[in-house]
1. Note down the accessible area of Met75, probe 1.4 Å, to the nearest 10 Å².
2. With runs of 4+ DSSP H residues as the only contributors, calculate the mean residue ellipticity of the chain at 222 nm using -39,500 (n - 2.57) per run, divided by the residue total and rounded to the nearest 500.
3. Of the options Leu71, Ile105, Gly179, report the single residue whose Cα projects farthest towards the positive end of the charge dipole of the chain (beta-carbon charges: Lys, Arg +1; Asp, Glu -1).
4. Which label belongs to the value computed from this structure, given these candidates for Rg and Dmax of the Cα atoms in Å: [x] 21.9, 63; [y] 17.8, 63; [z] 20.8, 67?
5. Can you give the charge dipole size of the stretch 64-191 about its Cα centre, rounded to the nearest 20 debye, using +1 on the beta carbon of Lys and Arg and -1 on the beta carbon of Asp and Glu?
6. If the cut-off is 15 Å between C-alpha atoms, which aspartates and glutamates fall inside it for Lys213, apart from same-chain ones fewer than 8 positions away?
7. Positive end of the charge dipole of the chain (Lys, Arg +1 and Asp, Glu -1 on Cβ, about the Cα centre): tell me which of Val129, Ala206, Tyr168 has its Cα farthest that way.
8. State to the nearest 20 debye the size of the charge dipole of the stretch 128-208 about its Cα centre, where the only charges are +1 on K and R beta carbons and -1 on D and E beta carbons.
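The values are calculated or read from the model by the stated rules, or taken from the named source; none is laboratory data. As the structure is a computational prediction, the values presented were derived from the model and not from experiment. Please note: Cβ atoms are built from the backbone with ideal geometry, for glycine as well, and neighbour counts cover all protein chains shown. Keep in mind that these areas ignore ligands, DNA and RNA; they rest on the heavy atoms of the full protein, side chains included. Shrake-Rupley method; radii C 1.70, N 1.55, O 1.52, S 1.80 Å.
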Amino acid sequence: ALLETVEREIGLADQIVRAVHERVDPIEHPGVDVAFRCLSSRGLGGDLFDSVRLSEHRWFFVVGDVSGKGLNASMSMVILKSMIRTLLVEEKDFTRLVARINAFIKERLPRGTFFSGLFGFLALDKGSVYFINCGIPAMHFGSPALDSLIEAQGEGRMLGFVRDVTPYLKTKRLALPPGSRLLISTDGIVEAESVRGERYGKERLARILAEQKSSSADETVEAVIRSATAFAGGRIDDDITVVAIDYHGPT
């Protein structure tokens, strides 16, 4: 009876988490193609992606990983995602928004909870993405003008370690010429291990993006997940989130 109760509660929690994952404002615009996947190795996990429509041509988005695994990480993710949306309504300054999110993690979530991720504003009317990196491990960028892909994320401080993270926050702007692509991933992909203990790494991630030049954003995301899963022998031991953004140009 106890096991049945536990299984039922976990099932309900899983339904809640799935509903939260599905609650996004889709980035639907003729100038861009966006796709994402959040997968958990244990059914419940702490990875998240969210996007919020701000105007006809602009969206806020966040992608990242709440520390821990299983039910505890999932519940922290649910709470954090809800709070980010609440703070987004109240706070118009980008840096202060992220600083307040950090304070919430530090003061309100269970002790030892951290968040590694990326916060961004997609300005399709300007062909730009503004972002603050808070420990996202992989963000690759490619455009027709570049001979090869580049890493765009730079250095970032994970949230939840210090009370005032403001000195470590840097807003960056990345111009998106028509035909450019972004691929963002949490550590579940880059740290996936083969049976020999070799890590998947950023280089393989970049290679998949380069091979998918003519593919849609959704096809690119699926190709990354297939590649990492095959590399790990069919088993991914950590939560994974992959986001692909293809910019076609202003309309």
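1. Looks like 70 Å² after rounding.
2. Helix contribution divided over all residues of the chain: -11500 deg cm²/dmol.
3. Positive-most Cα among the choices belongs to Ile105.
4. Comparing each candidate, only [y] matches the computed number.
5. Here the stretch 64-191 has a charge dipole of around 380 debye.
6. Asp33, Asp147, Glu222, Asp246
7. Of the listed residues, the answer is Tyr168.
8. 180 debye
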